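Asks: One structure, as structure tokens, below. Some questions next.
The values are calculated or read from the model by the stated rules, or taken from the named source; none is laboratory data. All values reported here derive from a predicted model rather than from experimental measurement. Glycine also receives a Cβ, built like all others from the backbone with ideal geometry; neighbour counts cover every protein chain displayed.
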Protein chains: 2
Amino acid sequence: MTADRLVAQVAFLNEADKLKSIIRASRLHDNSRFENSAEHSWHVMLHAFVLAEHAPEGVSATRVLQMLLLHDIVEIDAGDTPIHGDVDAAAQEAAEQLAADRLFGLLPADQCAAYRALWDEFEAAESADAKYAKAIDRLTTPLANMENGGGSWTDYNVTLDHLDARVGTPMQRGAPAIWAWLRPRLAAWFDGRPS
Amino acid sequence: MTADRLVAQVAFLNEADKLKSIIRASRLHDNSRFENSAEHSWHVMLHAFVLAEHAPEGVSATRVLQMLLLHDIVEIDAGDTPIHGDVDAAAQEAAEQLAADRLFGLLPADQCAAYRALWDEFEAAESADAKYAKAIDRLTTPLANMENGGGSWTDYNVTLDHLDARVGTPMQRGAPAIWAWLRPRLAAWFDGRPS
């Protein structure tokens, strides 16, 4: 029984290695290369943990860490979707559902169900934990772009209005204190941007 | 107060981005490149979480995740030490202590103290949580090497005796059920290794 479970769990963990080869639209702070979704997952978790004191009351940092640990695994099959790009949202969602079926399906049934429920909760972005996790997932790229000279904002011709919609809306919902701190810094960056 | 704390916390989070550029001796499962310490941190956390049911009684998966989130950050200044390489252990430990002073020192004092205590606990490898975290940290490279044709075992001429000492000892201390499952698989791999 233990051995059977370990075989299934290790099959999942081995498959998860592929997340290190999923390349995002965001770049490292030193602008040396694009970021992959595995190292991004670690960095988002670190942000969620370090900034947990600024989360709305009732958020469980523990559950948020678990959610963020799993949140991008579906990209192994479905790929990463740049938030400033044009995508077919319905097609992307369908691909992610299939990816979740296959990838979490590698695990023992009880674990598959638990992890799928956690990922579904993250995707739904309705619970306080999921809203905070989603907000922090949107925070890391703006912080990187302010360090690396614009990064994906330059690549996608992103404006401050655009950021208010795509980053501000989820951050206002899930981490308003952090957004209140960040927003004037973003405005100053866009003001000083070379034209 | 909130703003001052956020400035310090974001300085730490920005500095932590450099962990994505610290290259380890281990390779990805598809053998396409060496692994970096940020993506490794994510993958180790996933292993610790998925395999938590096999941990000794009393281990807190929550604390282990927090420990592993932080465990390699000192490598930003001190570099990664391949476990099969020859290193000056005292010099490496001194470098890591200085790195911990500088990096955790970027945070507000209360957080610096809490994170340093967690990292010190991991390094000491005496608590049940730290022993499990250390065991899982040793598990990921053997799993990768069995997938990628030998990887760092080939690079460092590693034998099964060597693995028993460097991997078996900490795994036996912190995750004996997983080691009992893994050991015959490692033996079979070394038996079938092309000479």
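Asks: So which of A:L107, A:L103, A:L68, A:L98 is at the interface with chain B (Cβ under 9 Å from one of its Cβ atoms) and not basic (K, R)?
Replies: A:L107
Asks: When you check A:W181 against the structure, is it surrounded by 16 or more Cβ atoms within 10 Å (Cβ to Cβ) and within 11 Å of chain B (Cβ to nearest Cβ), yes or no? Give the derivation first.
Replies: On the way: surrounded by 16 or more Cβ atoms within 10 Å (Cβ to Cβ): yes; within 11 Å of chain B (Cβ to nearest Cβ): yes.
When the stated conditions are applied, A:W181 passes them.
Asks: Please count how many residues of segment B:66-99 are among the polar types (S, T, N, Q), surrounded by fewer than 20 Cβ atoms within 10 Å (Cβ to Cβ) and within 17 Å of B:A117 (Cα to Cα).
Replies: Result for segment B:66-99: 1.
Asks: Which ones in segment B:134-171 are modelled with pLDDT of 95 or more, of a type in the set (G, A, S) and surrounded by fewer than 16 Cβ atoms within 10 Å (Cβ to Cβ)?
Replies: Scanning segment B:134-171 gives a single hit, B:A165.
Asks: From the list B:V44, B:V59, B:V50, B:V74, pick out the single residue that is within 11 Å of another protein chain (Cβ to nearest Cβ), in contact with an Asp or Glu (Cβ under 7 Å, 6 or more places away or on another chain) and under 22 Å from A:L65 (Cβ atoms).
Replies: B:V44
Asks: Could I ask something else about it? What helices (runs of 4 or more DSSP H) lie completely within segment A:126-188 and have 2 or more residues being in contact with a helix residue (DSSP H, G or I) (Cβ under 7 Å, 6 or more places away or on another chain) and of a type in the set (G, A, S)?
Replies: A:128-148, A:151-155
Okay, residues lined up against (1) without any contact (Cβ under 8 Å) to a residue 24 or more places away in the chain; (2) of a type outside the set (A, V, I, L, M, F, W, C):
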{"site": "A:H43", "(1), (2)": "no, yes"}
{"site": "A:L51", "(1), (2)": "no, no"}
{"site": "A:P56", "(1), (2)": "no, yes"}
{"site": "A:V64", "(1), (2)": "no, no"}
{"site": "A:I73", "(1), (2)": "no, no"}
{"site": "A:G79", "(1), (2)": "no, yes"}
{"site": "A:I83", "(1), (2)": "no, no"}
{"site": "A:D86", "(1), (2)": "yes, yes"}
{"site": "A:A90", "(1), (2)": "yes, no"}
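Asks: Follow-up. Within segment B:1-26, track down each residue that is at the interface with another protein chain (Cβ under 10 Å from one of its Cβ atoms), without any contact (Cβ under 8 Å) to a residue 24 or more places away in the chain and closer than 18 Å to A:L182 by Cβ.
Replies: Selection gives B:T2, B:A3, B:L6, B:V7, B:V10, B:L13, B:N14, B:D17.
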